[in-house]
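Only one structure is covered here, and it is reproduced in the block below.
Values quoted throughout were computed directly from the atomic coordinates according to the rules given, and no laboratory measurement underlies them. Note that the coordinates shown come from a computational prediction; the quantities given were computed from them, not determined experimentally. Cβ placement follows ideal geometry from the backbone for every residue including glycine, while neighbour counts extend to all protein chains displayed.
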Amino acid sequence: MSGTYLGMPAFPVAAKEAVGNETLRGNLRHATHTIRDKRARAVAELADWDLLREAGKQIKDRTLRHLDRYLLQLEESVTAAGGVVHWAADAEEANRIVADLVKATGEREVVKVKSMATQEIGLNEALAAEGIAAYETDLAELIVQLGEDRPSHILVPAIHRNRGEIREIFRDRMGEWGRAAPDGLSDTPAELAEAARLHLREKFLRAKVGVSGANFMVAETGTLVVVESEGNGRMCLTLPETLISVVGIEKVVPSWRDLEVFLQTLPRSSTAERMNPYTSMWTGTHDSDGPRNFHLVLLDNGRTDTLADEVGRQALRCIRCSACLNVCPVYERAGGHAYGSVYPGPIGAILSPQLRGTRSEIDASLPYASSLCGACYEVCPVAIDIPEVLVHLRERVADQGGKGHRLEKAMMKAAGWVLDHPGVLAAGERAASRTRALHPSKPPGAGAWTDARELPELPPEPFRDWWKKNRGNDRKDSGT
Amino acid sequence: MSDAKVTVTGPGTGSRERMLARIRAAVADAPEAPEPARDYLDTHTADSGVVDLLAENLADYRALVHRTDGAGLPALVGRLLTERGARTVLVPPGLPAPWLAAVPDAVARIEDDPRATAGELDTVDSVVTGCALAIAETGTLVLDGSPDQGRRRITLIPDHHICVVRVPDQVVASVPRAMPRIVPTRALTWISGPSATSDIELDRVEGVHGPRTLEVILVTE
Ligand code: SF4
């Protein structure tokens, strides 16, 4: 089962709990605002941002239109370069392939670089069931793993933990997994990072098998690309003898040149940097440099279903930059966990119900986890019209059993955003008058959303003005 | 190889055909997607400014930037290693010999050996390499595994990396200008500032895993 979030409450319930957690809210608020403001500056440096965004959108759309062709070309290039390509229709098959590959090496442990695809399929749990230990090596993932926790943000997965909590986790748990935390560990970020460095280096240096995802795969050349900051990715990609990369089929791009677009837009949208500290690119295997065996597992797991939906397929353009999370007022309140999926925030609200279907309560509630303010669309570097897809998915949920109305009201209450902030709401409505249906005294039924299909054509600028103007009020309101 | 593939993917490897069939069915009615427009800019920088911009952006990401000419290079490399207190320096096989001509005897040179284990590399203090290319607008060094740069791991495990960039020959303004000059099928590492993490309350900390100190020497020839 993907994501192993069985028994997860629907978004309204989970969000309500999260909103009541002051630490979480404080951490999230600090994180999303810091990244958001820096991102705006990084983007402003490029005068051609809109053209890059449009190019990124078009490259991805073209890839998706001819996905069969590009995957076959990729398979051919990777194979010619000494790699082995596997096709996995679902999570179970992908996990089986990886477990068998690891077992064939005779090893019982693997080092992992943070990968949403492997989280999505629950790979660590599947490997554990086969007696294989999977060690996360990204600092944040280490914090999450040691804390027996779940990631809450695409980019900064442990953002729901503050330094004091991290020190406790390191002190109490590191020893059980390997090298213990040093005595007298303080809670300064530098000391905590040093403890993680020593703990993880022990694992890197003995690792024989590495598992990764990839940000991009180039069909033309067979090149895989991983962008990261810490260097744990480079460790996992170059030190082991065997490397297994599990990658969603939508991550392919046709040509080498296409990377010039995404290597400009991804880092700036994501960490607000001109370029992330490390980018690794490898094509099959290389003589005496890096792994001698390379396996690529191409993952479907609901992606072809998503591709079949003409409105929803644009979600497959996502390059996982997390910019949409950082501008989302609902995410800021509710936190990543409330989305019940490895994909939180606005992108999670449209991706998870498409990958997994809308049968479960959590998945049926996700299309309602939004105020449709349009900020996510505005920042998205591949121009995914998230509000459009949300509205589309609400229709689908409504069609299947009319839960929409109840979920709608529950979401708004639980996220504690709209009801707490009538003034904010009113200003928001002026900026985006077509969202009038959001007014809490007049919650819309599912039918109202159907009428509002064209709703996502929000004017982007007024929203920004409104948002800036209202930051001050909002801080006062929520600083409890 | 093909035997191994059949074993792990399971009988019939039916998923490949099934996935391809599902993709074809999914997009059967989709409109044709045109060749992407590429009317974005080739560069954002005037050619005359690229070396200064490179220096500025490298420094902004907390790399330590030095400038010298060919004659001054050996002394500078020697001084940086000495100041660092390095006892050992790792040398890729094709590093130009003059670059290390003034390294004091107290600093032992270790030739990179493909048989060296990661554990052995972990005992080395510093590494000196060249690069394939540097990108000014992003403050990025591109390493492609050429003999003066060596394997990907040697610039990862030691805590101190000195990278020599020949200016202006090896500097390009932008990512779009870099792409045609890079051979995609080589083992590539792009480095923009030292390793960093912001995972703990978004406080930036240098070097969780990679070298904590990156020194870049811009050398005019
Ligand atoms: S939907 Fe867009 S903004 Fe959100 S993570 Fe994906 S690419 Fe980034």
Once you average over the residues of B:155-163, how many Cβ atoms of partner chains fall within 10 Å of each Cβ?
-> 2
Based on Cβ point charges of +1 for Lys and Arg and -1 for Asp and Glu, what charge dipole magnitude is obtained for region B:48-220 about its Cα centre, in debye rounded to the nearest 20?
-> 380 debye
Dipole magnitude (debye, nearest 20) for region A:286-388, charges at Cβ of Lys, Arg, Asp, Glu = 180 debye
Here the relative contact order (percent) of region B:48-220, from C-alpha pairs under 8 Å and at least 6 apart, is 29 percent
Cα gyration tensor of region B:122-221 diagonalised, 5x eigenvalues square-rooted, in angstrom largest first, produces semi-axes 22, 17, 13
Compactness of region A:21-69 - radius of gyration and Dmax, Cα, Å = 17.3, 50
Per-residue average of other protein chain Cβ atoms inside 10 Å, peptide A:321-331 -> 0
What does the convex hull of the alpha-carbon atoms of region A:121-173 project to on average, in nm²?
-> 3.9 nm²
For region B:118-176, using Cα atoms only, the Rg and Dmax in Å read 12.5, 38
Give the span of region A:140-260's Cα atoms along each principal axis, as three whole-Å numbers ordered largest to smallest.
-> 52, 30, 23
Given the candidates A:Val209, A:Ala195, A:Ala55, the one whose Cα lies deepest towards the positive end of the charge dipole of region A:3-304, counting +1 at each Lys or Arg C-beta and -1 at each Asp or Glu C-beta, is A:Ala55
Okay, helix-only estimate at 222 nm for chain B: each DSSP H run of n ≥ 4 adds -39500 (n - 2.57), divide by all residues, round to 500 deg cm²/dmol; what do you get?
-> -6500 deg cm²/dmol
For the A:Arg41, B:Asp52 Cβ pair and Förster radius 35 Å, calculated FRET efficiency rounded to 0.05 is 0.95
Per residue Cα convex hull volume in Å³ - calculated over region B:57-98 = 110 Å³
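State, to one decimal in nm², a quarter of the convex hull surface area for the C-alpha atoms of region B:48-220, i.e. the direction-averaged projected area.
10.3 nm²
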Exercise: per-residue mean of other protein chain Cβ atoms within 10 Å, A:223-232 | 5
So how much slack lies between A:Arg29 and A:Asp287, counting 0.36 nm per residue of separation and subtracting their Cα-Cα distance, in nm?
-> 88.2 nm
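Please tell me which of these pairs span more than 25 angstrom C-alpha to C-alpha: A:Lys112/A:Lys251; A:Lys60/A:Lys203; A:Lys57/A:Lys112? Let's see the in-between values first.
Numbers: A:Lys112/A:Lys251 19 Å; A:Lys60/A:Lys203 37 Å; A:Lys57/A:Lys112 30 Å.
Table pairs above 25 Å Cα-Cα are A:Lys60/A:Lys203; A:Lys57/A:Lys112.
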Order of A:Leu142, B:Leu121 from fewest to most other C-beta atoms within 10 Å?
-> B:Leu121, A:Leu142
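Under the definition of Cα pairs under 8 Å and six or more residues apart, what whole-number percent is the relative contact order of region A:163-240? Can you show the working numbers first?
Values: 67 pairs, mean separation 17.8, N = 78.
Relative contact order for region A:163-240 comes out at 23 percent.
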Which of the helices in chain B meet the span-like rule: DSSP H, Cα axial reach of 24 Å or more, Kyte-Doolittle mean at least 1.6?
-> none
Note: region A:238-355 at 10 °C, 1.306 mPa s; Kirkwood Rh on alpha carbon pairs; Stokes-Einstein D in µm²/s works out to 96 µm²/s
Where labels lie 7 Å past Cα in the beta-carbon direction, separation of A:Leu51 and B:Ala21 in nm | 4.5 nm
So, relative contact order of region A:123-174 in percent, Cα under 8 Å, 6 or more apart, is 27 percent
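Mind giving me the FRET efficiency for B:Ala30 and A:Trp177? R0 is 45 Å, r the Cβ-Cβ distance, nearest 0.05 is fine.
Plugging the Cβ-Cβ distance into 1/(1 + (r/R0)^6) gives 0.45.
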In debye, nearest 20, what is the charge dipole magnitude of region A:153-268 about its Cα centre with +1 on Lys and Arg Cβ and -1 on Asp and Glu Cβ, if you could check?
-> 160 debye
May I have the extent of the alpha carbons of region A:3-304 along their three principal axes, as whole Å values ordered from largest to smallest?
-> 53, 51, 39
